[in-house]
Amino acid sequence: MLDNKFYTAQPAGDNATLLYQEYRKLLLTNMLGYLRSIQTSLGIDISLLIQKYEELDSTQRFSPAIFNLFSKLTHSANQGEVPAIIDALHLLNMLDENEILKSEFRFSTILTENWETDFVNKIRSEHIPSKSGEKTLVFPILSPDLSLYQGLFSNLKAQLKQIDFDFYQELESYVTRVKLFNGKALKAATSASVFGAIYLKLPPETENSEAYFADHIIHETSHLHLDILLAFDKIILNQEAEKFQAPIRIDPRPMFGIFHATFVLSRMVRLFQRIIKDTPKQEYIDRLDTFRSQFDQGLETIEKHAVLTENGQRIKSSFVQAAEI
Amino acid sequence: MESIKVEQALLAVVKIQIDFSPVLFITRSMETYEGEY
């Protein structure tokens, strides 16, 4: 359990490191629970595998690889699918400690590491309506020189460090990969199943690249923070089948998605206001106008329809203050 | 050899009930992703 004070949309500041460590501990506790139960249910000896994960140092940051395998393990175990469970156990056996702890930041294109395949296949295969009306395409970038974009990311980080150190600490603590891709429809994505990785489409020629990076990096980092909070408290109690008008996407979404979007938008409004004070460019002002209106819409839907836990209420109550409006 | 025989016997098993419920809600967000379209 986390202390109630962590259930807020306000950027985590110094607490980001602690929260991420608690999240890794929770992951290991659950992984060991699943492994012991699988050992008993299948009558197999996986004591060496269990020992390997008992000895794993959760004080160190993890690579997205272990989140991906945990996701595979829990999905197959929850479904009770023996062939998939055996595959997941094998992959957990094969994953060496260096790979698990390979968490130094990397900026690259997609599909450069083994753990990415499942996630890339997932985002490629889901047909979600886009504003452009295009079908989702996600490809690796063949050109080896991404220095222009890496420079944009570094400049953005430097600016965020100056203007909102509390948010910067989330970015610095959680984000271990930025994965650029070439594609259509999907602009950016994150998932707890590859925690720490931000997937980002190349900026379109029609958009200001600096504003584009600021928009999506702040957005996706905020999803990662909420993913951690959602591991410790259910927060949203609405049924998945209930769908509502969404503030950003055009497809109706469950309250889980509306809450995620509104949480993120409270930070978009906050950070873009601060960026505009620092760099008063029209590209940022235009985006802020959109975020403000999307934030209001998300908040209204939550006020009308959300069924939240006490901690969910705490987060909802903090939205306006976090947005600094 | 005995442990390999146990594994071979699993070839006959497709479905099984795993008696473990996650501590808290860590698996919920892993079933999905947040994408901007």
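Things to note:
- Sole residue being of a type in the set (S, T, N, Q), under 28 Å from residue A:26 (Cβ atoms) and under 23 Å from the mean Cα position of the chain (by Cα), chosen from A:103, A:130: A:103
- If you filter the stretch A:73-90 down to residues that are touching a strand residue (DSSP E or B) at 6+ places or on another chain (Cβ under 9 Å) and assigned to a helix (DSSP H, G or I), you find that the one that is nearest to the other protein chains (Cβ to nearest Cβ) is A:82.
- Residue match in the stretch A:108-131 (condition: assigned to a loop (DSSP other than H, G, I, E, B), among the acidic types (Asp, Glu) and in contact with a Lys or Arg (Cβ under 9 Å, 6 or more places away or on another chain)): yes
- Scanning the stretch A:26-69 for residues that are closer than 26 Å to residue A:107 by Cα and not hydrophobic (A, V, I, L, M, F, W, C), we see that the one that is nearest to the other protein chains (Cβ to nearest Cβ) is A:68.
- Residue, nearest to the chain's Cα centre (by Cα), within the stretch A:1-55, restricted to residues that are part of a helix (DSSP H, G or I) and among the acidic types (Asp, Glu): A:22
- A single member of A:219, A:225 is under 20 Å from residue A:66 (Cα atoms) and surrounded by 22 or more Cβ atoms within 10 Å (Cβ to Cβ), and it is A:225.
- Within the stretch A:245-293, considering residues that are without any contact (Cβ under 8 Å) to a residue 12 or more places away in the chain and outside any helix (DSSP H, G or I), the one surrounded by the fewest Cβ atoms within 10 Å (Cβ to Cβ): A:280
- Sole residue being polar (S, T, N, Q) and closer than 21 Å to residue B:9 by Cβ, chosen from A:58, A:103, A:47, A:71: A:47
- Per-region count, the stretch B:1-17, residues at the interface with chain A (Cβ under 7 Å from one of its Cβ atoms) and either among the charged types (D, E, K, R) or within 28 Å of residue A:193 (Cα to Cα) (or both): 7
- All positions within the stretch B:18-31 that are within 7 Å of chain A (Cβ to nearest Cβ) and either assigned to a loop (DSSP other than H, G, I, E, B) or touching a residue at least 40 places away in the same chain (Cβ under 8 Å) (or both): B:18, B:19, B:20, B:22, B:23, B:24, B:25, B:26, B:27, B:28
- Hits in the stretch A:210-227 (condition: closer than 23 Å to residue A:24 by Cβ and either at pLDDT below 95 or facing chain B (nearest Cβ under 9 Å) (or both)): A:220, A:223, A:226, A:227
- Boolean, residue A:5 is surrounded by fewer than 15 Cβ atoms within 10 Å (Cβ to Cβ), within 13 Å of chain B (Cβ to nearest Cβ), among the basic types (Lys, Arg) and closer than 20 Å to residue A:231 by Cβ: no
- Any hit, the stretch A:229-236, residues being surrounded by fewer than 16 Cβ atoms within 10 Å (Cβ to Cβ), touching a residue at least 40 places away in the same chain (Cβ under 8 Å), on the phi < 0 side of the Ramachandran plot and within 10 Å of chain B (Cβ to nearest Cβ): yes
- All positions within the stretch A:133-191 that are closer than 21 Å to residue A:62 by Cβ and within 14 Å of chain B (Cβ to nearest Cβ): A:174, A:179, A:189, A:190, A:191
- Residue list for the stretch A:16-48, filter: among the small types (Gly, Ala, Ser) and touching a residue at least 24 places away in the same chain (Cβ under 8 Å): A:16, A:37
- Any chance residue A:200 is facing chain B (nearest Cβ under 9 Å), over 25 Å from residue A:74 (Cα atoms), crowded, with 22+ Cβ neighbours inside 10 Å and under 17 Å from the mean Cα position of the chain (by Cα): no
- Residue match in the stretch A:95-111 (condition: at pLDDT 95 or above, touching a helix residue (DSSP H, G or I) at 6+ places or on another chain (Cβ under 8 Å) and not hydrophobic (A, V, I, L, M, F, W, C)): no
The values are calculated or read from the model by the stated rules, or taken from the named source; none is laboratory data. A quick note: this is a predicted structure, and the numbers were derived from the prediction, not measured. When we count neighbours, we look across all protein chains shown, and the Cβ atoms used for this are built from the backbone with ideal geometry, even at glycine.
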